[in-house]
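The structure appears right after this line, and notes come after that.
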Amino acid sequence: MLRRRLLALAVLALLPLTACSGIADDGKPQVVASFYPLQFVAQRIVGNHADVTNLTKPGAEPHDSEITPRQAVLVSRSVVALYEKGLQPAVDQVIANDPPKYAVNVTSIVNLSAVPPGLGDEYAKSNDGKAGDPHFWQDPNLLAKVADTFTATMVKADPKNAADYQANNVSLQADLKALDTDYRTGLAHCTSRSLVVSHDAFEYLGRRYDLQVHPIAGISPDAEPSPKHLSELSNLIRTDHITTVFNERLASPKLVDALAGDLHIGTAVLDPIEGLNKSDPQATYLTLMRANLAAIRKADSCS
Ligand SMILES: [Zn+2]
């Protein structure tokens, strides 16, 4: 820990930021977002008025991800940091030790729901048992709340561009509302309302749109399921006539492939949208959410 802090100090001099101002050489305020869905919100709101840095690199998943000393300095010197307390302890630590001008913690905007029993043990332990299920962005209405608070913070941090931040938020709110409407209508009439997914990232989605989510692994992609859990899941897939087990892009497909192979059913991709995939540079939160909707409609035979 001490070593990391010393390293952070050592790279201070290398950064193109005027000391403690949060303003880069290009004169724009610096904003950091701790992982992709938050970066998406930040970028939509700030437009060209600020530089947004994502602390999680593309293709990586954010659970417990570390940050570099250089990123730690960037966080402390940013005007606004948008992050989710509990998901990335390394980010929490930097913000606690050396806070940016404004730190927007999404867990004080969104009430995180409890981690489902039995599955989140590891996650709960690593966060003093206090943290809830982090995957709130799977409910577009909750991401909209975060956008409102982030906008209000940008207005305070950079008042001369307030009108643009507010206009950008109006446009983002409309996009999120349209996405919510597509989910409501798209999932209104389905033969099944079950989702078997690889890691437990879809509870918020399930609650909002009335789907029963059955995760193979726990709240983090690397949480291993017990043999008992796997056999219960196999029984459910048989009795519920489930056609598809969902994989995701950033985590290993091993468990999903094994389960689907054993039961002779199909697999498809449902993206938890924790990060973007390098091979799909055009993707955004909105396109990935719509691709997920199409995959669910197919698996659950929605008309
Ligand atoms: Zn996750």
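A few remarks follow.
- Per-residue 3J(HN,Hα) values for segment 33-39, derived from phi via the Karplus relation 6.51 cos²θ - 1.76 cosθ + 1.60 with θ = phi - 60°, read 10, 7, 7, 3, x, 6, 4 Hz in sequence order (x marks Gly and Pro).
- Among the listed pairs Lys28/Lys177; Lys156/Lys278; Lys57/Lys254; Lys57/Lys177; Lys101/Lys160, those beyond 26 Å (Cα-Cα): Lys28/Lys177; Lys156/Lys278; Lys57/Lys177
- In order along segment 285-294, the phi-based Karplus estimate (6.51 cos²θ - 1.76 cosθ + 1.60, θ = phi - 60°) of 3J(HN,Hα) comes to 3, 5, 5, 5, 5, 6, 5, 4, 4, 4 Hz; Gly and Pro are listed as x.
- Nonlocal amide H pairs with Leu82, under 5 Å, H built at 1.01 Å: Val32, Ala33, Ser34, Val104
- Total charge dipole magnitude, segment 189-299, about the Cα centre, Cβ charges on Lys, Arg, Asp, Glu only, Debye to nearest 20: 360 debye
- Average accessible surface for segment 220-300: 53 Å² per residue, computed with a 1.4 Å probe over protein heavy atoms with every protein chain in place.
- Hydrodynamic radius (Kirkwood) for segment 189-299, which is based on Cα pairs only, to one decimal in Å: 14.3 Å
- Within segment 189-299, percent of DSSP bridges classed antiparallel, to nearest 5: 0 percent
- Probing with 1.4 Å while keeping every protein chain in the model, the per residue accessible area of segment 50-103 equals 39 Å².
- Cut-off 11 Å between beta-carbons: net charge of the residues surrounding Phe35, Lys and Arg +1, Asp and Glu -1: -2
- A 1.4 Å probe over all protein chains sorts Leu263, Leu255 by accessible area into Leu255, Leu263, starting with the largest.
The values are calculated or read from the model by the stated rules, or taken from the named source; none is laboratory data. Quick caveat, the model's predicted, so the values are computed rather than measured. Note that each Cβ is placed from the backbone with ideal geometry, even for glycine, and that neighbours are counted across all protein chains shown. Accessible surface areas use protein heavy atoms only, side chains included; no ligands, DNA or RNA. Shrake-Rupley method; radii C 1.70, N 1.55, O 1.52, S 1.80 Å.
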